[in-house]
1. LEU27 to LYS112: extension gain in nm, 0.36 nm per residue of separation minus the Cα-Cα distance?
2. How many Å² of accessible area per residue for the stretch 91-181, probe 1.4 Å?
3. Per residue, what accessible area does the stretch 227-359 have, given a 1.4 Å probe and all protein chains present, in Å²?
4. Charges only on Cβ, +1 for Lys and Arg, -1 for Asp and Glu: so what's the dipole of the stretch 258-359 about the Cα centre, in debye to the nearest 20?
5. Could you tell me what percent of the accessible area of the stretch 16-256 is made up of carbon and sulfur, with a 1.4 Å probe and every protein chain present?
6. Give the carbon-plus-sulfur fraction of the accessible surface of the stretch 258-359 in %, rounded to a whole number; probe 1.4 Å, heavy atoms of protein chains only.
7. Where does the charge balance sit around ASP350 when Lys and Arg score +1, Asp and Glu -1, over other residues with C-beta under 12 Å from its C-beta?
8. Which one, HIS359, GLY330, GLY258, is farthest towards the positive end of the dipole of the stretch 258-359 when Lys and Arg carry +1 and Asp and Glu -1 on their Cβ?
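The values are calculated or read from the model by the stated rules, or taken from the named source; none is laboratory data. The shown structure was predicted, so the numbers you read here are calculated from the model rather than taken from an experiment. Virtual Cβ from ideal backbone geometry, glycine too; neighbours counted across all protein chains shown. Areas reflect the complete protein model, heavy atoms only, side chains present, ligands, DNA and RNA absent. Shrake-Rupley method; radii C 1.70, N 1.55, O 1.52, S 1.80 Å.
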Amino acid sequence: MTRVYNFSPGPAALPSSVLETAAAELLDWHGSGMSVMEMSHRGPEFMGIAQRAEALFRELLAVPAHYKVLFMQGGAIGENAIVPMNLLRGRSSIDFVDTGEWTKKSMQEAQKYARVNVVASSAATGYDRVPTRSSWRLDPDAAYVHVCSNETIGGVESFDTPDVGAVPLVADMSSNLLSRPIDVAKYGLIYGGAQKNIGPAGLTLVVVREDLIGQAMPLTPSAFDFGIVAAHDSMYNTPPTWAIYIAGLVFEWIQQRGGLVAMEAYNRRKAAVLYDCLDASRFYRSPVQPENRSLMNVPFHLKDPALDAAFLAGAQQRGLVQLKGHRVVGGMRASIYNAMPIEGVQALVDWMQDFERQHG
Ligand SMILES: *Cc1c(COP(=O)(O)O)cnc(C)c1O
């Protein structure tokens, strides 16, 4: 069996050791005689798995006690509707910082429920950066301020948590949650799908400050009402049990590797290998301003797009897969989430340099 280096933006690579554990436990989890997939979500075995996953997640991110951690379904795109339904709390508008494709998607959905106010945008410069905080024109009466901490398609990451005063800060962290430490207390709500950096598709993580819960719009589906989900410990409806189990194994893997501080150091080393290669070359180019270059998703362009197909084919032959950029931006994109080893990034850079020697 050969495992490739998988640069997919999501669903993305998982740590091999996690998959090995899951394989070993597939038919009989810890002597239960059952697969986790076959367990009642209300039985003692799965309740233990879910409680341990939540405890580990809280420990890794140092989630304060007055925040709820919810295991939901519907993905980040689902949350684009679920968050307004829960967090408008009688207010009429939401402030958005427009940094690219994912904030645009969030805005499109939010405008079904509220007035969308774009307080800053980097559209004019091709979404190559996060607009500086001093340029944001915030509305003190907005229900919340929405940001996307890492634009997965554009490869634009925000490295500091903006101070937005008393208005709650909401962040779509689908593609960088658990890649480095964050100060949860500065946010009203954080959400993200699991399939980028955490586990299988089907699980959505929500971290929400308790005082923001309980005022959902009356038409909110019960399964998406944070108050109801929280009151039932994320088991109002059947949760995505298998995805929660795998996520728990990933949380353990992160903890064994030294937690988020160690994860960040490793991710910075990995990303530097790739960005150094891009900066040292006149054949490849990064479209993102240096201060906002994502540690997770690294888009890059070849000097001549006519060479893209040959680059991808050669990469594939070397076991470097899923490097094609998103159709909206073109070029290449290497997604290098927590589970991508530095050896994978080095193998990619070796191929990039080979290819440049052949075609540069
Ligand atoms: C992948 C992604 C989404 C979409 O998530 P779904 O799970 O498909 O709903 C939304 N936002 C960001 C930042 C993403 O990376």
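1. On the way: separation 85, 0.36 × 85 = 30.60 nm, distance 4.49 nm.
Computed gain between LEU27 and LYS112 is 26.1 nm.
2. On the way: 3510 Å² over 91 residues.
That works out to 39 Å² per residue.
3. On the way: 5840 Å² over 133 residues.
Counting only protein heavy atoms, the per-residue value for the stretch 227-359 is 44 Å².
4. Values: 12 positive and 10 negative charges, 38 e Å.
Magnitude of the dipole: close to 180 debye.
5. Working: 5040 of 9650 Å².
About 52 percent, which is the carbon plus sulfur part of the accessible surface.
6. Details: 2270 of 4610 Å².
Carbon with sulfur: 49 percent of the solvent-accessible area.
7. -1
8. The listed residue farthest towards the positive side: GLY330.
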